1. Go over the candidates Gly190, Gly255, Gly242 one by one and state the one that is surrounded by fewer than 17 Cβ atoms within 10 Å (Cβ to Cβ) and under 20 Å from Lys341 (Cβ atoms).
2. Residues Gly325, Gly263: which one is free of Cβ contacts under 8 Å to residues at least 60 places away in the same chain, within 25 Å of Asn228 (Cβ to Cβ) and surrounded by fewer than 23 Cβ atoms within 10 Å (Cβ to Cβ)?
3. Which residues, counting only those in region 274-307, are out of contact with any strand residue (DSSP E or B) (no Cβ under 7 Å at 6 or more places or on another chain) and of a type outside the set (Asp, Glu)?
4. Could you tell me whether region 139-148 includes any residue that is in contact with a Ser or Thr (Cβ under 8 Å, 6 or more places away or on another chain), in a loop (DSSP other than H, G, I, E, B) and on the phi > 0 side of the Ramachandran plot?
5. Looking at Leu109, Leu102, can you tell me which residue is surrounded by 14 or more Cβ atoms within 10 Å (Cβ to Cβ), aliphatic (A, V, I, L, M) and over 23 Å from Arg64 (Cβ atoms)?
6. Might you check whether a residue that is surrounded by fewer than 22 Cβ atoms within 10 Å (Cβ to Cβ), in contact with an Asp or Glu (Cβ under 7 Å, 6 or more places away or on another chain) and either among the acidic types (Asp, Glu) or assigned to a loop (DSSP other than H, G, I, E, B) (or both) occurs anywhere in region 197-206?
7. Inside region 23-47, can you point out the residues that are part of a strand (DSSP E or B) and either modelled with pLDDT under 95 or buried (at least 16 other Cβ atoms within 10 Å of the Cβ) (or both)?
8. So, in region 136-180, of the ones that are touching a helix residue (DSSP H, G or I) at 6+ places or on another chain (Cβ under 7 Å) and not small (Gly, Ala, Ser), which residue ends up surrounded by the fewest Cβ atoms within 10 Å (Cβ to Cβ)?
Amino acid sequence: MQIILLAVIFAFAGCTDSYIDDIVAVDPGPDNAAPEILINFPIEGALIRVVEDVTSIDINFEVRDDIEVDVVTISLNGNQLESFNDFLDYRRVVKTYTYPSLGNGEHILSITATDKSGKSTVETVRFEKVEPYRPVYEGEVFYLPFDGDYTELVNIRNANVSGSPGFVNGISGRAYSGASNAYLTFPTAGLLGQEFSAVFWYKVNASPDRAGLLVIGPPDPNNPNNPNNRSKGFRFFREAAGPNQRFKLNVGNGGSDNWFDGGDAADLNPADGEWAHLAFTISGSQVTVYINGEIVSQGGFPGIDWTGCDVLSIGSGAPRFTEWGHLSDQSYFDELRLFNKALSQNEIRTIIDAEKP
């Protein structure tokens, strides 16, 4: 036993003396470069849209240095918000700082980083907290101006974008430009009631020769891959009528569907190349379709059924109304507003007069 114990002691001593080196400091070399800063959010020109006048914002950034970061400071509009000098990784610093009280207006964010040798870098971005949109008209529950993004402004919701639509100059600012296999969808929460109206500006492109414009419809359990359940919700679409495009509205009352087709009165000629104002209203007793403020179709109606109607489609019949080929519209849309009331003709004309160039 004593012989074995001595062997272990000698073996341990041998390992200590021959194989385990002391930790030796390595010279990191000269500190040649100033810190590099990347501001991930907000970015230059960002528009912060929320329903509140004052909101919080998460400022996210990254700092890198060739040797060691000493201190990082955050300033907003010339006022220092925070300073950091304790980092887990002294060569790469990733931080998110939450500023709790961002108000409306333009803002300048500056990040300053200084390394151990005293070299400093400053990065600055300018962004804006946009004043919340206030509905302009009584009963307005949805407003999509298409001004370079697909943000709905009453509720601050972003569209689910399918395909690759784009933007063109519109009636006011920018407008939606449809494309093949492109459309937008939104959830319908907060939009549906016993009365409903939609108004928007539209410049028709006759190719393709039929398309969906606005659809809020239910699933079709009998034909899930090519749906055409018209018993609930509505479908607003266009079809070729000789050289013209004819606009039609189909509305479901729960047990069946009702058609509002104005014939020649509901036609637009794509060759005119003009913006037109389209609108329709649904009440518990009547449906009316308008073009440029004029009634083109109207009739009695027992009331809409919204059961299962959880998706609003813009610029296509998809995904809930595809069996008849009313797919993506390559036309232009602008200033889309939805209402929880049946607008009168005078109210529609007031909107037209306020928005037309």
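1. Criteria check complete, one pass: Gly190.
2. Details: Gly325 fails: free of Cβ contacts under 8 Å to residues at least 60 places away in the same chain.
The match here is Gly263.
3. Ser283, Gly284, Pro302, Gly303, Trp306, Thr307, listed by residue number.
4. Yes, because at least one residue in region 139-148 is in contact with a Ser or Thr (Cβ under 8 Å, 6 or more places away or on another chain), in a loop (DSSP other than H, G, I, E, B) and on the phi > 0 side of the Ramachandran plot.
5. Going through Leu109, Leu102 in turn, the sole match is Leu102.
6. No: zero hits.
7. Initially, region 23-47 is screened for residues part of a strand (DSSP E or B), giving 36-41, 47.
Passing the criteria: Ile37, Ile39, Leu47.
8. First, pick out the residues of region 136-180 that are touching a helix residue (DSSP H, G or I) at 6+ places or on another chain (Cβ under 7 Å): 137, 171-172.
Subsequent filtering for residues that are not small (Gly, Ala, Ser) retains 137, 171.
Values: Tyr137: 16, Ile171: 22.
Step by step, filter region 136-180, then rank; the result is Tyr137.
The values are calculated or read from the model by the stated rules, or taken from the named source; none is laboratory data. Keep in mind that this is a model prediction, so the values were computed, not measured. In this analysis, Cβ positions are derived from the backbone assuming ideal geometry, glycine residues included, and neighbour counts consider all displayed protein chains. The accessibility values were calculated without ligands, DNA or RNA, using every heavy atom of the protein model including side chains. Shrake-Rupley method; radii C 1.70, N 1.55, O 1.52, S 1.80 Å.
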